[in-house]
Every structure is written in structure tokens, then in C-alpha cells.
Amino acid sequence: MVIRLDRLSTSGQGTFGQIHLAGGTLFTGELPWRENASGKSCIPEGDYRCVWGPSKRFGAAFEVTGVPGRSRVLIHNGNFCGDVGLGFKSHVLGCVLLGRARGVLQGQRAVLLSRYAMTDFQKTVGTEPFTLEVRNNGLF
């Protein structure tokens, strides 16, 4: 299976995009691009193999593997993905958040209904490995 993540906008509040699945569209949130700095940046554009496995914090999650210079990049639930160095909130250190919607939460851009989106994602994908195609669409 191949899943494409199209990044649509970026700012200090995060990088936001969407993925299309058989059941509909889910929205994504990632850190802003900071030259692939671990814990501070979204991952580079590219194709990555995602595998299901244990996670200390989330029980189990998909890990995005093969990211240059990075490890433990997960797809998980959460709302905020801003640059903490600029004073924004973040629930990620380089991972991909999923939401059923996007909007503003506590004055910051965010993905919303994330736990529901993760359930939707798992129902569609199961636990089988897949390829995640990450595309910047000219943003950076």
C-alpha cells in the first residue's frame, strides 16, 4: 500500500497537510522545516517505509523508517506541532500527527479530533507495512 502525504502550508505554528485514504481525507501536522534537525524539524520530502510496532508512549504506532539521521519518527495522535523555540506548543519531536480536521486550538493552528483520526487510520491500514510518500508541493 502507498499513502501520500501532501504538505499544504507551513509556518512557525507547524507544517500542515493531508492524506487521502479509501475512507476519506485525514489532516496532518508536523513541525516546521528546520533542516531535518532531530527534535526540531519535520522529516525531508521522500518515500519511507512505515511499520507497525511497540511504542512506550502510545502502546503501538506506525514508525516511519529510513529517515536520514533520525529514528523513532512515529505517526500518532496529538494536536500541536509548532516551533517551541518561537513560543508555540508542540506534541511532537519530528513525528506526524493525524486529525479529522484542522483549525485553531488555544490560539494556535492545530489538527483536531486526533484520536478519532488514528482509529480511522488503523481501520483502513491495519497493521501491515506501507510506503509513505511525503511531498512538499513547493513549500520549502
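The values are calculated or read from the model by the stated rules, or taken from the named source; none is laboratory data. This is a predicted model, so every value here is computed, not measured. Cβ coordinates were reconstructed from backbone atoms using ideal geometry, including for glycine residues, and neighbour counts include every protein chain displayed.
At-a-glance table
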| item | result |
| --- | --- |
| So TRP52, is it within 17 Å of THR127 (Cβ to Cβ), among the aromatic types (Phe, Trp, Tyr) and surrounded by 15 or more Cβ atoms within 10 Å (Cβ to Cβ) | yes |
| Within the stretch 10-47, considering residues that are of a type in the set (A, V, I, L, M, F, W, C) and either in contact with a His (Cβ under 9 Å, 6 or more places away or on another chain) or in a loop (DSSP other than H, G, I, E, B) (or both), the one farthest from ALA117 (Cα to Cα) | ALA37 |
| Matching option when the condition is β-branched (Val, Ile, Thr) and crowded, with 18+ Cβ neighbours inside 10 Å, among VAL84, VAL111 | VAL111 |
| Among the candidates VAL111, VAL96, residue that is in contact with a helix residue (DSSP H, G or I) (Cβ under 8 Å, 6 or more places away or on another chain), under 19 Å from THR25 (Cβ atoms) and touching a residue at least 12 places away in the same chain (Cβ under 8 Å) | VAL111 |
| Residue within the stretch 102-111 that is modelled with pLDDT of 95 or more, within 15 Å of the chain's Cα centre (by Cα) and part of a loop (DSSP other than H, G, I, E, B) present | no |
| Long-range neighbours under 7 Å by Cβ, at least six apart or interchain, first residue among the aromatic types (Phe, Trp, Tyr) within the stretch 20-38, second in a strand (DSSP E or B) | PHE27/PHE16; PHE27/GLN18; PHE27/GLY99; PHE27/ALA101; PHE27/ARG102; PHE27/VAL111; TRP33/THR10; TRP33/THR15 |
| Yes/no for VAL134 being in contact with a Lys or Arg (Cβ under 9 Å, 6 or more places away or on another chain), more than 21 Å from HIS20 (Cα to Cα) and among the aliphatic types (A, V, I, L, M) | no |
| Leading residue by the ranking (farthest from PHE80 (Cα to Cα)) among those in the stretch 37-49 that are more than 12 Å from the chain's Cα centre (by Cα) and surrounded by 17 or more Cβ atoms within 10 Å (Cβ to Cβ) | TYR48 |
